[in-house]
Structures are given as structure tokens and as C-alpha cells.
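Here is the structure we will look at, set down as C-alpha cells.
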Amino acid sequence: MPTRRNLVLGFVTTAIAGVLLAGTPGVGAAVPPPPPNPSDADIRNGRAQVDSKAGEVGRLTNELSRAEARLAELMADVELRREEAMKALVDLEAAQEAADRAKAEARGARAEADAAAKSVEDLRAKADAFAAATYQNGNLLDTTGALLTAKGPQEVLDRSEMLELISGSQADVLEVMRRARTDKANKDSMARKALEAAEAKQNAAEQAKRVADAAQAIAVQAGSTQEQRANEIEATRVAVEKQLFEARDHVSGLHGQRQRYEDWLAAKKREEEERQRREAEEARKAAAAAAAQNRPAARPQTAARPTVAPAPGRGVQTAINRALSQLGVIYAWGGGNGSGPTRGIRDGGVADSFGDYRKVGFDCSGLMIYAYAGIGVNLPHYSGYQYNYGRKVPLSQMAAGDMLFWATNGRIHHVAMYLGGGRMVEAPHSGARVRISPVRYGGLMPYAVRLV
């Protein structure tokens with residue numbers, strides 16, 4: 001008579017095979033022929049193939065991670081180049097306005113110079129008329145001759161007074177002509193200098209824009225090449241993962257065959273132990289019930305008390321609400337002002353490839369302009385200038401409504417608004433939309449900027 005312990009042990013050694021074996025024959029039923037039984041060498045070879053493919057997948061995954069990290073660096077560089085191009089555009093607009101003002105001043109100076117030239121011509125005409133009158137009246141400037149040829153005392157007196165008048169007028173005319181010529185020369189010189197200075201500023205700004213565009217094009221090309229390399233690695237990794245899956249499936253098949261063979265052995269034995277199995281089943285149920293009664297109750301977990309951040313001020317909340325009201329708006333490089341989203345502009349690279357100049361939306365600094373315009377803050381459309389606009393606070397003290405900035409080699413290329421709780425709202429990049437994201441600490445500047 002088997003003991004209760006032996007019955008339980010007998011069940012443990014046979015129950016799993018009995019559960020997995022579908023259509024187990026009952027007592028007295030014929031046991032089917034044995035299934036294939038793979039050798040240990042077959043199983044070892046299969047496992048070695050799985051290990052090889054798994055190692056290759058790991059190597060490719062590491063290589064892909066490095067490629068993606070490099071791609072992220074290049075994308076940050078692209079963002080930097082685009083922000084530098086935006087700075088060049090802002091500076092170019094300022095230079096163009098200065099040039100326009102200088103040209104207007106030059107036109108005014110030119111008009112004054114022309115008026116001065118006309119005055120000179122008028123005075124020259126008067127001098128010519130005086131000379132003609134002198135000639136026609138017998139050289140009235142010859143004082144001795146004019147007095148000696150007088151016919152009487154009264155004519156002598158008249159000619160003397162006329163000579164004094166003519167002599168004084170001539171001197172006045174010559175002095176006025178000299179001053180007019182000097183004034184004209186000064187105005188011409190001032191007009192030329194103002195125009196030259198304005199054109200120099202405009203040329204410098206245009207050159208900076210060309211340099212920024214060229215640097216951006218190089219960064220875009222490097223990013224495209226790296227992205228292609230990452231895609232190639234990803235495709236290879238996917239192919240090797242498929243092979244790994246197939247190898248694992250093959251090994252699983254071998255193990256399945258081995259399991260079915262063992263199940264066959266167990267089924268053959270179960271034919272002789274059917275009575276013990278029923279008793280073992282009853283013992284298992286009793287043991288399970290006893291275990292359930294003796295199992296200690298699970299301790300309830302104490303939920304962590306959330307940390308509640310202080311509510312932002314009314315002005316800050318207005319800026320936050322304005323930024324959040326634009327969630328889902330498309331990214332458009334160069335887009336956004338104090339009134340809302342605007343049409344993007346061309347950048348000669350990534351933004352153009354996404355058609356940003358045809359879209360109405362925001363870029364990163366444009367979203368900040370719109371958000372803070374609601375509380376009367378007029379920000380420039382360049383993240384580098386925005387970083388120096390407000391009061392800087394350490395990241396350990398950043399609060400909702402502060403602006404966060406990212407830089408590469410100390411040069412800023414992205415800005416977002418902190419919302420609290422490790423989240424921020426941003427217009428991330430071409431092809432994306434305004435969204436809420438976790439704060440990214442890679443490349444984050446050590447200070448947040450507080451405007452209110």
C-alpha cells in the first residue's frame with residue numbers, strides 16, 4: 001500500500017506530461033508509436049546557433065545605438081546652424097532697415113546738395129550779369145576812369161556811390177558762392193559716408209547669412225549620411241533578429257520533440273499508475289487548500305505621497321496657457337509671432353525638405369514669442385537672444401513658466417517652456433508638432449530664464 005507522500009511524489013513526476021499530452025489514452029487504450037527523439041548534440045548545436053545570432057544582434061544593437069547617438073548630435077548641430085541662420089536673418093533685417101534709413105538720409109542730403117548747387121549756379125549767373133553790365137557800361141569797376149570821365153560833381157557822386165554798391169555786392173556774391181560750394185561739398189561727403197556705412201552693414205549681414213546657410217547645408221548632409229547608415233544598421237539588425245527567431249524556433253522544436261518523447265514515456269507509465277494518479281490528484285487538491293489557508297495575507301503597499309509643486313503666478317499661468325493652446329500645431333521654421341502661428345520661411349536645407357515655408361505654424365523661439373506676448377513681453381525671434389532676455393535661475397530652482405535652453409559647444413539651438421513635474425512644452429523640429437515632452441537633460445544649459 002503506497003503512502004500519501006509517495007502518491008504526491010508520483011503525481012509531481014507525471015502530472016506535467018499528462019497535462020501537456022493532448023488526447024491522452026485512457027486505461028487499456030493502445031499507446032501510439034514513440035515520436036522522434038532528437039539527440040543531445042542536435043540540441044547543443046541549435047543552442048550554439050541561437051547564442052551566435054543573439055551575439056550578432058547585440059553587436060548590431062550597440063552599433064545602432066552609437067549611430068543614433070551620433071545622429072542626435074548631428075541633428076543638434078543642424079538645429080544650431082538653423083538658429084544661427086535665424087540670427088543672421090534677424091541681423092540682416094536690422095541692417096536692411098539701417099541701410100534704408102541711410103539711403104533716405106542720403107537722398108535728403110543729395111536734395112540739399114542739389115539745392116546748394118542751384119544756389120551756386122544762380123549766384124554765378126548774377127556774377128555773369130554783373131560782369132556783362134560792367135562791360136556794357138565801359139568798365140565801371142575802373143574807379144579812376146569812372147570819376148575822371150564824369151561830367152559834373154553830381155555825376156561824380158553818383159558814380160562813386162554806384163561803385164561802392166557794386167563792389168560790396170560783388171564781395172557778397174563771392175562769399176555766398178564760397179559758402180554754398182563748401183556746404184554742397186560737405187553734404188555730398190556726408191551722403192556718401194552714410195550710404196557706404198549702411199551698405200557695409202548690409203553686406204556683412206548678407207555674408208553672415210551665406211556662411212550660416214553653407215554651414216547648415218554641411219550639417220544637413222552629414223545628418224542625412226548618418227541617418228542612412230543608421231537605417232542600414234537597423235535593416236541588418238532586423239534581418240539577424242529574424243534569423244535569431246528562426247534559430248530559437250528550431251531549438252524550441254527540438255525541445256518540443258524531446259518533450260513529446262518524454263510525454264510518450266510518461267503516458268506509457270501512466271497506463272499502469274492510473275489509480276495512483278487519482279489519489280495523487282486528491283492529495284494535490286488537499287495540499288493546495290491547506291496552502292491557501294496558511295498563506296499570509298499580502299501587505300497593502302503604501303502609496304507614495306506625491307509632491308505638489310506650488311501653483312504658478314497669474315501672469316506666468318497666462319503664458320503657459322497660451323503655449324498649451326497651440327498643442328498639435330505644425331512646426332514651421334521661422335514661424336510664429338505675438339499673434340499666433342505664421343507661415344514658415346526657407347532655410348535651404350531640412351526645413352525646405354519638409355516644406356516648412358508652405359506651412360503655418362511655430363518654430364521653437366516663435367512659440368515662446370506667442371506665449372509671452374500674452375503678458376506684454378516682446379521677445380526676439382532667436383533663441384540665443386531669448387536666453388539673455390530675462391533673469392537666469394539655476395536648474396535646481398526652475399519653476400513652471402521658465403524657459404529652458406539647449407546648446408552645442410556653448411551655442412544655443414533650442415528653447416522650450418518648463419511646465420513643472422519634469423515636463424515641458426515645445427515646438428521640437430520639422431515634421432513634428434507642438435507637444436508636451438519630458439525634459440531632456442543632454443545639452444541643457446545650466447540656467448533657466450525667468451521673465452515674470
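Coordinate-derived values only; no laboratory data. In this text, all values refer to a predicted model and were calculated from it rather than measured experimentally. Neighbour counts run over all protein chains shown; Cβ positions are idealised from the backbone, glycine included.
Apply the a/c threshold of 1.5 to the C-alpha gyration tensor of segment 318-413 and tell me whether it is rounded, prolate or oblate.
Because a/c hits 1.5 or more and a/b fails to exceed b/c, segment 318-413 counts as oblate.
By the gyration tensor of its Cα atoms, with a ≥ b ≥ c the square roots of the eigenvalues, what is the shape of segment 238-294: rounded for a/c under 1.5, prolate for a/b over b/c, or oblate?
Oblate.
Return one quarter of the surface area of the convex hull spanned by the alpha-carbon atoms of segment 178-297, equal to its mean projected area, in nm².
20.8
For the pairs Lys209/Lys359; Lys209/Lys392; Lys118/Lys184; Lys118/Lys187; Lys103/Lys209, flag any whose C-alpha to C-alpha distance is greater than 20 Å.
Beyond 20 Å between Cα atoms: Lys209/Lys359; Lys209/Lys392; Lys103/Lys209.
Between Glu241 and Arg124, what length in nm is gained on full extension when 0.36 nm per residue of separation is reduced by their alpha carbon distance?
The span from Glu241 to Arg124 would gain 32.4 nm if fully extended.
Calculate the length of the line joining the C-alpha centroid of segment 396-420 to that of segment 219-265, in whole Å.
41
Give me the lysines in straight-line cross-link reach of Lys53: C-alpha distance below 28 Å, same-chain residues under 8 apart excluded.
Lys242
Which of the aspartates and glutamates could be linked to Lys201 by a straight reach, that is with a Cα gap under 14 Å, when you skip same-chain ones fewer than 8 residues away?
Asp91, Glu93, Glu97, Asp100
Which net charge results for the neighbourhood of Lys359, defined as the other residues with beta-carbon distances under 14 angstrom from its beta-carbon, given Lys and Arg at +1 and Asp and Glu at -1?
0
Quick check: net charge around Pro34, other residues with Cβ under 11 Å of its Cβ, Lys/Arg +1 and Asp/Glu -1?
Result for the local shell: 0.
What does the charge add up to near Ala88, with Lys and Arg as +1, Asp and Glu as -1, over the other residues with Cβ less than 12 Å from its Cβ?
Residues close to Ala88 contribute a combined charge of -2.
Would you mind putting 38-48, 199-209 in packing order, based on average other-beta-carbon counts within 10 Å, highest first?
199-209, 38-48
So, in nm, how far is label Tyr441 from label Arg411 when the simple model puts each one 7 Å beyond its Cα toward the Cβ?
Going from the Tyr441 label point to the Arg411 one covers 2.7 nm.
Mind running the shape call on segment 198-238? Use the C-alpha gyration tensor, a ≥ b ≥ c as the square roots of the eigenvalues: rounded below 1.5 for a/c, prolate if a/b tops b/c, oblate otherwise.
prolate
Would you mind checking which residues have amide H under 5 Å from His414's amide H? H placed 1.01 Å from N; only 5 or more apart, or other chain.
Correct list: Trp406.
Between Ser339 and Ala117, what's the calculated FRET efficiency when r is the beta-carbon distance and R0 is 51 Å? Round to 0.05.
0.55
Quick check for you: which residues of segment 174-210 have the amide N under 17 Å from the point 7 Å beyond the Cα of Arg110 toward its beta carbon?
Residues passing the 17 Å test: 184-200.
Calculated FRET efficiency, Glu271 and Gln293, Cβ-Cβ r, R0 56 Å, to nearest 0.05?
Plugging the Cβ-Cβ distance into 1/(1 + (r/R0)^6) gives 0.95.
Between Glu281 and Asp249, with labels modelled 7 Å along Cα→Cβ, what's the label distance in nm to one decimal, could you check?
3.6
Tell me, what HN-Hα J-couplings in whole Hz come from the Karplus equation 6.51 cos²θ - 1.76 cosθ + 1.60 at θ = phi - 60° for each residue of segment 406-422, using x for Gly and Pro?
10, 9, 10, 6, x, 9, 6, 9, 7, 9, 8, 10, 6, 10, x, x, x
Note down the nm distance, to one decimal, between modelled labels 7 Å out along Cα→Cβ at Arg192 and at Ala69.
6.1
Using 0.36 nm times the number of residues separating Lys392 and Gln317, minus their current alpha carbon distance, what extension gain do you get?
Result: 25.1 nm gained on full extension.
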